[in-house]
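The values are calculated or read from the model by the stated rules, or taken from the named source; none is laboratory data. Everything numeric here is computed off the predicted structure, so don't read it as measured data. Cβ sites come from the backbone with ideal geometry, for glycine too, and all protein chains shown count toward neighbours. In case anyone asks, the SASA skips ligands and DNA or RNA and just uses the protein heavy atoms, side chains included. Shrake-Rupley method; radii C 1.70, N 1.55, O 1.52, S 1.80 Å.
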Amino acid sequence: MSSADDQDDLKPTFTPGYKPGAAKTAAEYAQLDAEDESLARWKASLGITPGATGGDTSGPKVTVLTLELDSPTLPPGKKLVFDLADSVRLADLKKNPVIIKEGVEYNVRITFKVNHSIISGVRYIQVVKRAGVRVEKLEQMLGSYGPSPDGKPYAKNFDPEESPSGLLARSGSYNVRSRVVDDDGEVYADWDWSFKLAKEW
């Protein structure tokens, strides 16, 4: 497949007629409709309060920290966590596939930090290919967030899924492209990894 096909696969879907609003700073949002009590509570839940600083705006709005595959069937003490700051480990994940047990329920968890501004329309996209043919596309909305008042990262758990099973599913490896992107097309993380299905973790 060509690079253009890859980029088409990684484009987020949009609701027809939806147009993202103009970007505003946290301070601008804090002043907007300041007299509306319920809106003030909602904004406070996003970390938008009068006098809140937006932080250093020179870097990315979002830093994606980890991607985790979690399953109740994982052996005690085993974790499948990808640290996106570890470029050596990420490069290794392309060549040495992660082993995932066939036919089990698992879910994806992503942790990220909002550095400044308010984010909305940020989503995680995952395209899985086998022998160059797309077999699955997962697209999950992360939601709307502002910078965390206590500086802690946010975690988003996606809906549970079931891994494929059977002899055919176990033969060969799967190549995955993961991306975190917003409504404006700004990419915050983009990485490749691979996995194999097996009878055990």
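Here are a few things to note about the model shown:
Conditions (1) closer than 22 Å to T73 by Cβ; (2) without any contact (Cβ under 8 Å) to a residue 60 or more places away in the chain; (3) more than 16 Å from the chain's Cα centre (by Cα), marked per residue:
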{"residue": "K101", "(1), (2), (3)": "yes, no, yes"}
{"residue": "E105", "(1), (2), (3)": "yes, yes, yes"}
{"residue": "V108", "(1), (2), (3)": "yes, yes, no"}
{"residue": "K113", "(1), (2), (3)": "no, yes, no"}
{"residue": "S117", "(1), (2), (3)": "no, no, yes"}
{"residue": "Y124", "(1), (2), (3)": "no, yes, no"}
{"residue": "L138", "(1), (2), (3)": "yes, yes, no"}
{"residue": "G143", "(1), (2), (3)": "no, yes, no"}
{"residue": "P147", "(1), (2), (3)": "no, no, yes"}
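- Residue within segment 29-48 that is at pLDDT below 70, outside any helix (DSSP H, G or I) and surrounded by 12 or more Cβ atoms within 10 Å (Cβ to Cβ) present: yes
- From the options S165, S178, residue that is touching a residue at least 60 places away in the same chain (Cβ under 8 Å), surrounded by 14 or more Cβ atoms within 10 Å (Cβ to Cβ), over 16 Å from D9 (Cβ atoms) and among the small types (G, A, S): S165
- For segment 162-180, filtering for residues that are over 13 Å from F195 (Cβ atoms) and either touching a Gly at 6+ places or on another chain (Cβ under 9 Å) or charged (D, E, K, R) (or both) leaves 4.
- Residue under evaluation A155, criteria (1) closer than 24 Å to K43 by Cα; (2) surrounded by fewer than 13 Cβ atoms within 10 Å (Cβ to Cβ); (3) among the hydrophobic types (A, V, I, L, M, F, W, C); (4) more than 11 Å from the chain's Cα centre (by Cα), criterion not met: (4)
- Number of residues in segment 65-79 that are touching a residue at least 60 places away in the same chain (Cβ under 8 Å) and touching a Ser or Thr at 6+ places or on another chain (Cβ under 8 Å): the value is 2.
- Counted residues, segment 142-152 - those being open to solvent by 50 Å² or more (accessible area, probe 1.4 Å) and closer than 18 Å to V187 by Cα: 1
- Residue ranges of strands (runs of 3 or more DSSP E) in segment 76-118 with at least 2 members of a type in the set (S, T, N, Q): 105-114
- Considering residues of segment 121-141 that are open to solvent by less than 20 Å² (accessible area, probe 1.4 Å) and β-branched (V, I, T) only, the residue modelled with the lowest pLDDT: V122
- Qualifying positions in segment 73-114 - in contact with a strand residue (DSSP E or B) (Cβ under 6 Å, 6 or more places away or on another chain) and either closer than 30 Å to A30 by Cα or of a type in the set (D, E, K, R) (or both): D83, K94, E102, E105, R109, I110, T111, F112, K113, V114
- Selected residue (criterion: most open to solvent (accessible area, probe 1.4 Å)) from residues of segment 90-120 that are closer than 14 Å to F195 by Cα and among the charged types (D, E, K, R): K95
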